[in-house]
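Data block below; observations after.
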Amino acid sequence: MSANTAGAAITGMGVICSIGNDIPSMRENLKSGHGGIAEIISFSTAGLRVHHAAEVRDYDASRHFSADEAAGVDRTAQLAIIAARQAVADAGLSREELASGKVGLVMGICGGGIGDGGTTLGVTDWTNRAAVERFYRTAHYLQTQSVAADLGVTGPCLTVSTACAASTSAMASALTLLESGRVEAVVVGGSDAYSLPVYAGFYALGAMSEQPTSPFSTDIGVTFGEGAGCIVIESEQRAARRRARVHGMLLACGTTSDAHHITAPHPSGEGLRRAMQLAIADANLTPASIHYINAHGTGTHENDVTETLAIRTLYQGEGVIPPVSSSKSYFGHTLGAAGILEFIASMLGLQAGFLPATLNFKAARVGCDLDYVPNVPRPARFDTFVSTSAAFGGVNAVAIGARVGTPTRPTRPLQDVVVSGLGTVSPIGLGIEEFRLALQQGKSGIVPIDRFDSAMFTCRHAGLVGEFSPRKLAPSVDVRRMDNLTRFAVIATAMALKDAGLTRCLKAERIGLHVALARGPVVSQQAFLDSLARDGVAGLSAKHFPSMVLSTVSGQIAQACQIKGANFTFVDGAGAGLQALAHGCDYLALHPELDALVVIAADELGPLFYRVFDCLGLLAADAEAPALYAADGPGLVLGEGAAAMVLERADAAAARGGRPYGRISGVALGGEGRADEQLDAQGCRLEALARQAMHEAGGLADVVYGMARGVARHDLREANALKRLLADHAVPLVCLNGQLGLAEASSGLFAACAALLSLRHGEAYPSLHAERAPAEMPLLREAPLAGDYRRALVLGSSECGNSAALMFSALQEAT
């Protein structure tokens with residue numbers, strides 16, 4: 001399915017924001033210089049300093065959704081669905097095409113459901129199941145799944161949460177899906193709604209302007225907004241075959257990490273400059289051939305001065321700097337939607353022949369000395385533009401847009417990717433050797449909960465990481481003042497890099513980072529919500545707010561381990577780690593500027609979400625362990641920890657004499673187009689993905705690692721898929737969740753680590769608490785099984801059926 005040339009044709013666009021609920025109205029307001037910033041109407045700001053925002057006015061959900069749909073889908077998802085519907089209709093994609101598995105969906109989400117009014121101030125009535133369910137659905141990935149369900153998308157479905165760069169990072173992910181040949185088209189966008197918690201967090205940081213934002217001008221500060229934008233991209237060849245109208249081109253993206261600070265950009269702008277250079281080079285352009293820059297331009301002093309410096313440095317010796325403006329002066333800072341809305345604004349200017357202005361501009365700020373197109377849109381013909389984004393966690397993401405017909409580079413062949421290092425912080429072992437020994441011994445890490453008072457809960461056991469000494473495990477990194485989840489992640493990353501022999505082997509710029517999360521640092525998030533409910537906006541401490549922004553985890557990993565290459569944060573439910581691993585494999589295979597990439601998944605247990613799971617009846621009542629693959633499986637026993645893998649380009653690993661565990665030889669991603677748990681009980685889609693991964697790997701698996709969790713409807717779905725998959729093959733099946741508990745994001749990577757140990761050491765491991773599984777399932781139950789394992793299959797699914805299947809192949813004889 002791979003295209004002949006890189007980049008992508010944009011065949012559909014859709015928006016909803018403060019300056020327009022569709023593309024024509026947004027274009028008109030951009031061209032006439034009419035902004036959407038006004039006094040806040042969604043909540044009272046009496047007694048506070050900041051009274052402005054860019055809200056979507058006169059929004060009536062009943063125009064777009066039935067009463068039941070509106071009640072079950074929060075505002076962030078509603079805005080995303082509206083923009084996606086417009087883009088898909090504009091592109092002329094049919095329901096059959098969307099359901100074919102050949103169309104992907106990637107959404108950039110920053111705040112998730114915290115944009116939905118008071119739901120994230122906590123649950124005050126724990127007897128109200130609907131309220132608890134609504135709080136549960138604030139998870140970032142459920143916004144994306146709501147879009148998938150509305151459109152009927154069954155292809156790869158990814159949620160990217162790199163804060164204010166989320167939708168630009170999503171465009172980079174979408175290009176990866178397209179160029180790797182995983183899909184033929186991608187619906188890609190971003191969405192975030194505005195609410196009191198969003199306002200409160202940034203108010204506490206002192207980041208907001210008391211006047212409508214004026215980027216690069218004398219008034220300092222951000223004005224926040226809300227909205228959603230989506231585009232449909234596909235290869236030029238496919239667009240030509242179906243005679244689609246093409247709006248323009250998404251040529252390339254560049255992503256980097258500052259590895260400097262979680263909330264402040266590097267003062268030199270070095271990371272953003274590198275991201276621009278990478279994107280421009282990948283598009284086969286030069287800085288001199290860029291005609292316009294739509295800047296991140298938040299209005300804060302640090303961002304505007306740093307971005308100006310980055311642009312100036314980029315153009316040293318490269319000719320005249322093109323005009324620069326910030327579209328945030330029109331529709332505010334829309335967080336996860338910012339990058340895609342700014343890209344669309346630039347594309348509308350390219351089509352209609354004008355440069356969007358920087359509104360509210362008074363006089364240039366000290367350190368800001370470029371042409372910022374002040375106040376009035378400027379008639380201009382331009383053929384290429386750069387759209388920049390920068391975010392909490394030191395994430396930088398840049399997209400290159402162009403006029404139809406702009407030449408693009410040939411596609412790159414997918415390079416072989418190997419796994420050269422493993423690191424685990426798990427309930428059964430710290431470090432990969434201790435982890436392996438515990439697997440051999442059938443050790444369980446499920447213990448009575450001692451983190452918080454669990455007496456009120458139906459399940460009082462979990463897979464918990466015991467006390468450990470970070471300094472002994474990874475003496476080169478400093479994890480002081482980090483929350484538990486981030487400590488787990490940093491230590492696992494450091495151990496994986498050491499295991500690979502890469503601690504000081506590569507330049508920081510040549511190592512990338514993919515972080516997988518389900519809910520993030522939940523203990524710190526609860527502290528923020530508790531403080532907001534208790535102290536109000538005026539008394540809120542800013543201490544815990546960065547933890548509400550999930551990319552701060554990747555920022556702290558990058559800073560502690562000095563990783564400066566591509567930086568992504570992916571969010572999903574169970575199986576998030578496998579989603580990130582699949583994407584990381586393709587990203588590394590297509591990006592020669594990287595030699596290695598670390599994939600890390602992390603989870604921690606906290607009382608708030610534990611209570612949510614309990615109230616929704618998701619936990620295994622009165623059980624000390626889950627019952628895997630049981631027809632009467634009573635529910636989850638949760639776990640925590642982190643697992644990290646170092647991926648290398650096979651040629652780079654060979655050149656330095658690395659000793660990989662194995663090669664990633666098959667990848668398949670897809671879903672069932674659901675936002676709920678009413679999945680196909682036969683597991684046909686999961687089976688198809690497993691067969692696709694094995695076909696790509698060129699052979700059948702010798703050992704399979706599954707992801708049963710003690711929930712009957714999910715376990716039996718997987719069991720049915722595996723029965724057909726393994727019907728004629730005596731292949732051992734392993735599931736680790738009986739001894740680790742379900743660590744939502746990490747379980748898939750724990751299984752992948754075990755699969756690679758199977759390849760290296762010729763052993764498959766016993767599965768605990770699978771006594772009630774069907775007798776015909778080839779589960780290992782008693783002891784490790786020695787064998788010549790050459791290929792290992794790992795499967796995983798979220799509760800919504802978003803699934804991944806990966807095949808690992810041995811490079812040498814098992815020892």
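The values are calculated or read from the model by the stated rules, or taken from the named source; none is laboratory data. None of these values were measured; they are calculated from a predicted model. All Cβ positions, even for glycine, are placed from backbone atoms using ideal geometry, and neighbour counts span all protein chains on display. These accessible areas exclude ligands, DNA and RNA; they are computed on the full protein's heavy atoms, side chains included. Shrake-Rupley method; radii C 1.70, N 1.55, O 1.52, S 1.80 Å.
Tabulated results
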| read-out | value |
| --- | --- |
| First in region 544-568 and at negative phi and open to solvent by 20 Å² or more (accessible area, probe 1.4 Å), second anywhere and assigned to a helix (DSSP H, G or I) and basic (Lys, Arg), Cβ under 9 Å, 6 or more apart | LYS564/ARG274; LYS564/ARG510 |
| Region 598-633 - residue that is farther than 30 Å from LYS498 by Cβ and acidic (Asp, Glu) and, of those, surrounded by the most Cβ atoms within 10 Å (Cβ to Cβ) | ASP614 |
| Residues that are outside any loop (DSSP other than H, G, I, E, B) and either open to solvent by less than 50 Å² (accessible area, probe 1.4 Å) or more than 12 Å from ALA560 (Cα to Cα) (or both), drawn from region 475-492 | ASN484, LEU485, THR486, PHE488, ALA489, VAL490, ILE491, ALA492 |
| Residue in region 768-784 that is closer than 22 Å to LEU716 by Cα, modelled with pLDDT of 95 or more and surrounded by 24 or more Cβ atoms within 10 Å (Cβ to Cβ) present | no |
| Single condition LYS472 does not satisfy, out of (1) assigned to a helix (DSSP H, G or I); (2) touching a residue at least 12 places away in the same chain (Cβ under 8 Å) | (2) |
| ARG724 vs. criteria over 13 Å from GLU776 (Cα atoms) and surrounded by fewer than 24 Cβ atoms within 10 Å (Cβ to Cβ) | no |
| Unique match (being of a type in the set (A, V, I, L, M, F, W, C), in a loop (DSSP other than H, G, I, E, B) and open to solvent by less than 10 Å² (accessible area, probe 1.4 Å)) among CYS505, CYS459 | CYS459 |
| Residue pairs meeting the criteria (Cβ under 9 Å; at least 6 apart or on separate chains; first free of Cβ contacts under 8 Å to residues at least 24 places away in the same chain, in region 125-139; second loosely packed, with under 14 Cβ neighbours inside 10 Å) | ALA130/ALA71; ALA131/THR124; ALA131/ASP125 |
| Qualifying residues in region 363-418 (those that are within 30 Å of GLU696 (Cβ to Cβ) and charged (D, E, K, R)) - the one least open to solvent (accessible area, probe 1.4 Å) | ARG409 |
| Selection from region 430-441 of residues that are on the phi < 0 side of the Ramachandran plot and not in a helix (DSSP H, G or I) | LEU430 |
| Looking only at region 402-418, and only at residues there that are in a strand (DSSP E or B) and in contact with a Leu (Cβ under 6 Å, 6 or more places away or on another chain), the one that is farthest from ASP595 (Cα to Cα) | ALA402 |
| Selection count where residues are outside any loop (DSSP other than H, G, I, E, B) and either in contact (Cβ under 8 Å) with a residue 40 or more places away in the chain or open to solvent by less than 10 Å² (accessible area, probe 1.4 Å) (or both), scope region 282-315 | 17 |
| Residue identified as crowded, with 24+ Cβ neighbours inside 10 Å, in contact (Cβ under 8 Å) with a residue 40 or more places away in the chain and under 24 Å from the mean Cα position of the chain (by Cα) among THR223, THR255 | THR255 |
| Flag if ALA228 is crowded, with 22+ Cβ neighbours inside 10 Å, touching a residue at least 12 places away in the same chain (Cβ under 8 Å) and not in a loop (DSSP other than H, G, I, E, B) | yes |
| Among residues of region 689-730, those that are under 24 Å from SER758 (Cβ atoms), among the aliphatic types (A, V, I, L, M) and out of contact with any Asp or Glu (no Cβ under 9 Å at 6 or more places or on another chain), counted | 13 |
| Long-range neighbours under 7 Å by Cβ, at least six apart or interchain, first residue open to solvent by 10 Å² or more (accessible area, probe 1.4 Å) within region 181-206, second of a type in the set (Lys, Arg) | GLU184/LYS102; GLU184/ARG238 |
| Condition met for THR45 (part of a helix (DSSP H, G or I), of a type in the set (Val, Ile, Thr) and farther than 27 Å from MET249 by Cβ) | no |
| GLY248 being modelled with pLDDT of 95 or more and either of a type in the set (Asp, Glu) or in contact with a helix residue (DSSP H, G or I) (Cβ under 7 Å, 6 or more places away or on another chain) (or both) | yes |
| Failed condition for GLU318, given (1) closer than 19 Å to THR168 by Cα; (2) assigned to a loop (DSSP other than H, G, I, E, B) | (1) |
| Qualifying position, being surrounded by fewer than 20 Cβ atoms within 10 Å (Cβ to Cβ), on the phi > 0 side of the Ramachandran plot and at pLDDT 95 or above, among GLY33, GLY20, GLY47 | GLY33 |
| Residues (assigned to a loop (DSSP other than H, G, I, E, B) and in contact with a Ser or Thr (Cβ under 8 Å, 6 or more places away or on another chain)) located in region 186-210 | ALA193, TYR194, SER195, ALA207, SER209 |
| Residues being in contact with a strand residue (DSSP E or B) (Cβ under 8 Å, 6 or more places away or on another chain) and part of a strand (DSSP E or B) - total across region 625-681 | 21 |
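Let's see how each residue does on (1) of a type in the set (S, T, N, Q); (2) modelled with pLDDT under 95; (3) surrounded by fewer than 19 Cβ atoms within 10 Å (Cβ to Cβ):
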{"residue": "ALA652", "(1), (2), (3)": "no, yes, no"}
{"residue": "GLY657", "(1), (2), (3)": "no, yes, yes"}
{"residue": "GLN678", "(1), (2), (3)": "yes, yes, yes"}
{"residue": "VAL704", "(1), (2), (3)": "no, no, no"}
{"residue": "ALA708", "(1), (2), (3)": "no, no, no"}
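Results for (1) open to solvent by 20 Å² or more (accessible area, probe 1.4 Å); (2) modelled with pLDDT of 95 or more; (3) acidic (Asp, Glu); (4) within 26 Å of LEU806 (Cα to Cα), shown as yes or no for each residue.
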site	(1), (2), (3), (4)
VAL88	no, yes, no, no
LEU98	no, yes, no, yes
GLY112	no, no, no, no
TRP126	yes, no, no, no
PHE135	no, no, no, no
SER161	no, yes, no, yes
ALA165	no, yes, no, no
SER169	no, yes, no, yes
